[in-house]
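Read the structure below first, then the notes.
The values are calculated or read from the model by the stated rules, or taken from the named source; none is laboratory data. Keep in mind it's a predicted model, so treat the numbers as computed, not measured. Here Cβ is always computed from backbone atoms with ideal geometry, including for glycine, and neighbour counts include all displayed protein chains.
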Amino acid sequence: MTAPLFVSADWLKEHYTDETLQVLDARMLPPGQEAVRDIQAEYLAGHLPDAPYFNIEALSDHTSAYPHMMPRPEAFAVAMRELGVNQDKHLVVYDEGNLFSAPRAWWMLRAFGCVNVSILAGGLQGWKAAGFDVASGPVNLPEGEFEAHYDQGLVKRLTDVLLISHEGGAQIVDARAANRFNAEVDEPRPGLLRGHIPNSLNMPWNNLVANGELKPAAELRDLFEKAGIKLDQPIIASCGSGVTAVVVILALTSLGVRDVTLYDGSWGEWGSRDDLPIEK
């Protein structure tokens, strides 16, 4: 049986000691907040019991010049084993409660072969609001069992997106805020150009979210329709660095849409180049 996309705090509390379940903390700072917040310190100050820190920044491919590129399968598997993650368990990931980064962790784990992955609805904030305990300090677990089986079909590269932008064949959906998509403000990452990939559509990720969960299916369908996004045609999701694009992927998955991929480089790659077409 495939795990649900979301589990509630009450469900997780009831099943917390199940041997087949494991919880991962996938909190992450939005770009620009690194100077004012220390997410590692925040994790150590309070996290769900026995939940190791799934550090999306650290787990990215640091041989790439672009942020949050998918790591090599072997490197990801080693990192998961060191964290104590067992891929055959029901993995539950959570973030602060804004649904900003947990979807990226959900997607990465699934892309590397994990079958049963869920997101804690409401994240850490919802867990605390329910009155459940948190722990502090580092989490050290026995070495996990993890073999990565990477599904390359889930990812598009720059050359794929450039061709599709020019010739069609799929819809490119950008999850950044409208003012960034429309080149009205600078990008939060220094050095990136303003604008968007030609012929792409805009679906700001936070429009899809309410109280740390996806909005109801009928609302999601309406939002996609109003944005001109056709659910029966292939979709490539993009954003600033490949994180919030997965909120779009998660929403589409919840609606039963299957032909959805991620442009891994996203605007962090496209917007850093002066040899690519840009719309404003």
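General observations
- Residue match in the range 214-221 (condition: part of a loop (DSSP other than H, G, I, E, B), of a type outside the set (Lys, Arg) and touching an Asp or Glu at 6+ places or on another chain (Cβ under 8 Å)): no
Condition check ((1) at pLDDT below 95; (2) among the acidic types (Asp, Glu); (3) surrounded by 18 or more Cβ atoms within 10 Å (Cβ to Cβ); (4) out of contact with any His (no Cβ under 9 Å at 6 or more places or on another chain)) across all residues:
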| residue | (1), (2), (3), (4) |
| --- | --- |
| ALA9 | no, no, yes, yes |
| LEU12 | no, no, yes, yes |
| GLN22 | no, no, yes, no |
| PRO30 | yes, no, no, yes |
| ASP38 | no, yes, no, yes |
| ALA45 | no, no, no, yes |
| ASN55 | no, no, yes, yes |
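- Members of the range 1-52 found to be within 18 Å of ALA130 (Cβ to Cβ), free of Cβ contacts under 8 Å to residues at least 24 places away in the same chain and touching a strand residue (DSSP E or B) at 6+ places or on another chain (Cβ under 7 Å), listed by number: HIS15
- Against the numbered list (1) closer than 16 Å to GLY123 by Cβ; (2) exposed (fewer than 12 other Cβ atoms within 10 Å of the Cβ), ALA51 comes up short only at (2).
- Qualifying residue in the range 127-140 (condition: part of a strand (DSSP E or B), at pLDDT 95 or above, out of contact with any Asp or Glu (no Cβ under 7 Å at 6 or more places or on another chain) and crowded, with 18+ Cβ neighbours inside 10 Å): no
- When the range 89-126 is filtered for residues that are among the charged types (D, E, K, R), surrounded by fewer than 23 Cβ atoms within 10 Å (Cβ to Cβ) and outside any helix (DSSP H, G or I), the ones remaining, listed by number, are LYS89, GLU96.
- Filter pass, PRO67 being modelled with pLDDT under 95 and in contact with a Ser or Thr (Cβ under 9 Å, 6 or more places away or on another chain): yes
- Of all the listed residues (GLY242, GLY265), the sole one being touching a helix residue (DSSP H, G or I) at 6+ places or on another chain (Cβ under 9 Å), at positive phi, surrounded by 19 or more Cβ atoms within 10 Å (Cβ to Cβ) and in contact (Cβ under 8 Å) with a residue 40 or more places away in the chain is GLY242.
- Condition met for LYS128 (more than 14 Å from the chain's Cα centre (by Cα), of a type in the set (Lys, Arg) and within 15 Å of GLU42 (Cβ to Cβ)): yes
- Subset of the range 163-187 [among the aliphatic types (A, V, I, L, M), surrounded by 16 or more Cβ atoms within 10 Å (Cβ to Cβ) and not in a loop (DSSP other than H, G, I, E, B)]: ILE164, ILE172, VAL173
Yes/no per residue for (1) acidic (Asp, Glu); (2) free of Cβ contacts under 8 Å to residues at least 60 places away in the same chain; (3) in contact with a strand residue (DSSP E or B) (Cβ under 6 Å, 6 or more places away or on another chain):
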residue: LEU99; (1), (2), (3): no, no, yes
residue: TRP106; (1), (2), (3): no, no, yes
residue: TRP127; (1), (2), (3): no, no, no
residue: ALA130; (1), (2), (3): no, no, no
residue: GLU143; (1), (2), (3): yes, no, no
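- Just one of the numbered conditions (1) of a type outside the set (Gly, Ala, Ser); (2) within 18 Å of the chain's Cα centre (by Cα); (3) under 17 Å from ASP25 (Cα atoms) is not true of ARG81: (2).
- Residue in the range 231-242 that is modelled with pLDDT of 95 or more, over 12 Å from the mean Cα position of the chain (by Cα) and not in a loop (DSSP other than H, G, I, E, B) present: yes
- Enumeration of residues in the range 194-233 that are among the hydrophobic types (A, V, I, L, M, F, W, C), buried (at least 17 other Cβ atoms within 10 Å of the Cβ) and farther than 18 Å from VAL257 by Cα: ILE197
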